[in-house]
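Novice: Pasting in a structure now, in structure tokens, and then I'll have a few things to ask.
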Amino acid sequence: MCVEQFDKHILCIGAGYVGGPTMAVIAKNCPRYKVTVVDISEERIARWNSDNLPIYEPGLDEVIAACRGKNLFFSTDISQGIRDSEIIFVSVNTPIKNFGIGAGMAADLQYWEKTARQILEYSNSSKIVIEKSTFPVKTALAMQRIFSSGENGCQFEVLSNPEFLAEGTAIKDLEEPDRVLIGSMETDTGRKARDVLVDIFANWVPRDRILTSNIWSCELSKLVSNAFLAQRISSINAISHLCEKTGADVKEVALAVGMDSRIGSKFLTASIGFGGSCFKKDILNLVYLCRFYHLNEEADYLEGIVKINEYQKGRFVRNMINIMFNTLSNKRICLFGFAFKANTGDTRETPAIAIARGLMGENAEIVITDPKALQNARIDLQDADPGRVSFVEDPYEAAAGTHAIAVITEWDFYRHLDYQKIYDSMVKPAFIFDGRNILDHQKCFEIGFNVYPLGKTALSHLGN
Ligand code: NAD
Ligand code: UGA
């Protein structure tokens, strides 16, 4: 199909975890649109154009195979991409600022500002520019101001369309979203631009799931959604500690609480703490915003979600030290999983990093196994003493000769391993610390393991 035959030309700047899958699903559902994804990273684009995609996401390979080269293209030619498109999604990264005012809390907006300036510089026609990244409230205003400084006569309409996909289920989330949120300025041109975006999603999303709102509500809703999700995890994680003290079982408590239809059952699984690139940064962004407006009580409340999360990771390590006779020196500990959740190779903000460093800080040797995340784990721990950490693909090999297994990621196949074989290969007494509560604890106990689940009574042969 030649370029002229397409009905619309869509560009996405940023070919990451959001840009790649999101554009692939738009391309799949809108064969009449040409979708181009650009990035400054040549390596990333080369991988998007290969059979070795830069991210692991179930179902992604199939969507890419169906569209790439037909109406989906990956390129490093950002200026050409901008010139050729009338609709531009911005999906660059928005990490936490690590310098200057707001360091450790505010969003580092240098990537989007650079992008906005590039759009302005290379545009020779009017564009709709869509914030796909998660931005602080009022970013659209700053973006609009940059565009207004242009003198080339092009008009730019800024929309907000935050992404709600979760990694590991991204394709399903994009194909069947709970809702699509589109925010615009409340002007005639703003509403007109919004309708263009509504029409794109209406190709596959039922109209009643496409919400339109004012642009500030839209930007804020994304941050608040992540804060609410993370708040539920921190709440159940706080309760997990109380369960351990009182003899209650956090799974039973979560089930009972979640069956109240007003509360709901999702996001009540106790864990070693939430990870991922967004929860912490988005909550700290909200905290920063509250403090900016002198809403200190509200800021403290939200910050508590992150504090409990940090506490939960530290508590897991302290518990291991305590149980393993108050010393981990030169003991070998196997981490089952390193990704921040199952079904992804992503390790950004994974609790595994803090736990691995905590254990190595006690002079333990760690052996890390994970089916998809070892490459990232090596990068995350590249500064560690090579004598203290090793990376092993096969879980049986990884566990052999270790004193303890710590389950970090809830990969389903960990449930089905041969734990008798694993036990036989370990140093005794052998310990399991199940940070995800996914194993059959009674069975492992009967094999001979001392089992320490999260949020319920331990099964120990040692009397502790
Ligand atoms: P990412 O780091 O995987 O991808 C961002 C990409 O942008 C990188 O490949 C980077 O090279 C590229 N980039 C940066 N500056 C650029 C520029 N000037 N020109 C061209 N390319 C540039 O990040 P991500 O996980 O895709 O997240 C992107 C945004 O989406 C963030 O704001 C995040 O909060 C939000 N978000 C992420 C998820 C998720 O699951 N990862 C879900 C919803 C929302
Ligand atoms: C999360 C949100 O779910 C998405 O809606 C949002 O778009 C995205 O953040 C974002 O803005 O980046 P994601 O981080 O990919 O998605 O994955 P989640 O399924 O939310 O899990 C986040 C973390 O919480 C993981 O470490 C997971 O193991 C942990 N978690 C999740 C729990 O500990 N308990 C739970 O009950 C659920």
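The values are calculated or read from the model by the stated rules, or taken from the named source; none is laboratory data. Being a predicted model, the structure only gives us computed values, none of them experimental. Every residue, glycine among them, receives a Cβ derived from its backbone with ideal geometry; neighbour counts consider all protein chains shown. Only protein heavy atoms, including side chains, enter the accessible area calculation; ligands, DNA and RNA are left aside. Shrake-Rupley method; radii C 1.70, N 1.55, O 1.52, S 1.80 Å.
Novice: Let me confirm something: among ALA406, ALA430, ALA399, ALA352, which residue is in contact (Cβ under 8 Å) with a residue 24 or more places away in the chain, buried (at least 23 other Cβ atoms within 10 Å of the Cβ) and within 21 Å of the chain's Cα centre (by Cα)?
Specialist: Only one candidate qualifies: ALA352.
Novice: A further question on this structure: Filter segment 272-284 for residues that are out of contact with any Phe, Trp or Tyr (no Cβ under 9 Å at 6 or more places or on another chain) and in a helix (DSSP H, G or I); which is farthest from ligand 2 (Cβ to nearest atom)?
Specialist: Only one residue tops the list, namely LEU284.
Novice: Continuing with the same structure: How about segment 160-248: which helices (runs of 4 or more DSSP H) wholly inside it have at least 2 residues that are without any contact (Cβ under 8 Å) to a residue 12 or more places away in the chain?
Specialist: It comes to 188-201, 215-246.
Novice: What single numbered condition from (1) in contact (Cβ under 8 Å) with a residue 12 or more places away in the chain; (2) in contact with a Phe, Trp or Tyr (Cβ under 9 Å, 6 or more places away or on another chain); (3) away from ligand 1 (no atom under 15 Å from the Cβ); (4) not hydrophobic (A, V, I, L, M, F, W, C) fails to hold for SER148?
Specialist: Among (1) in contact (Cβ under 8 Å) with a residue 12 or more places away in the chain; (2) in contact with a Phe, Trp or Tyr (Cβ under 9 Å, 6 or more places away or on another chain); (3) away from ligand 1 (no atom under 15 Å from the Cβ); (4) not hydrophobic (A, V, I, L, M, F, W, C), the lone unmet condition for SER148 is (1).
Novice: Next question. Look at LYS138 and say whether it is away from ligand 1 (no atom under 12 Å from the Cβ), of a type outside the set (Phe, Trp, Tyr), open to solvent by 30 Å² or more (accessible area, probe 1.4 Å) and on the phi > 0 side of the Ramachandran plot.
Specialist: Taking the combined requirement at face value, the residue satisfies it.
Novice: Let me ask something else about it. Can you list the helices (runs of 4 or more DSSP H) lying wholly within segment 1-69 that have 1 or more residues being within 13 Å of ligand 1 (Cβ to nearest atom), touching a residue at least 60 places away in the same chain (Cβ under 8 Å) and closer than 18 Å to ALA170 by Cβ?
Specialist: The helices (runs of 4 or more DSSP H) meeting that bar are 19-29, 60-67.
Novice: Oh, and also: Among SER149, SER123, which is farther than 23 Å from ALA342 by Cα, more than 12 Å from ligand 2 (Cβ to nearest atom) and open to solvent by 50 Å² or more (accessible area, probe 1.4 Å)?
Specialist: So the residue among SER149, SER123 that is farther than 23 Å from ALA342 by Cα, more than 12 Å from ligand 2 (Cβ to nearest atom) and open to solvent by 50 Å² or more (accessible area, probe 1.4 Å) is SER149.
Novice: Separate question: Of all the residues that make up segment 98-148, how many are in a helix (DSSP H, G or I) and not aliphatic (A, V, I, L, M)?
Specialist: 15
Novice: Any idea how many residues of segment 296-342 are out of contact with any helix residue (DSSP H, G or I) (no Cβ under 8 Å at 6 or more places or on another chain), in a loop (DSSP other than H, G, I, E, B) and modelled with pLDDT of 95 or more?
Specialist: Here the count works out to 6.
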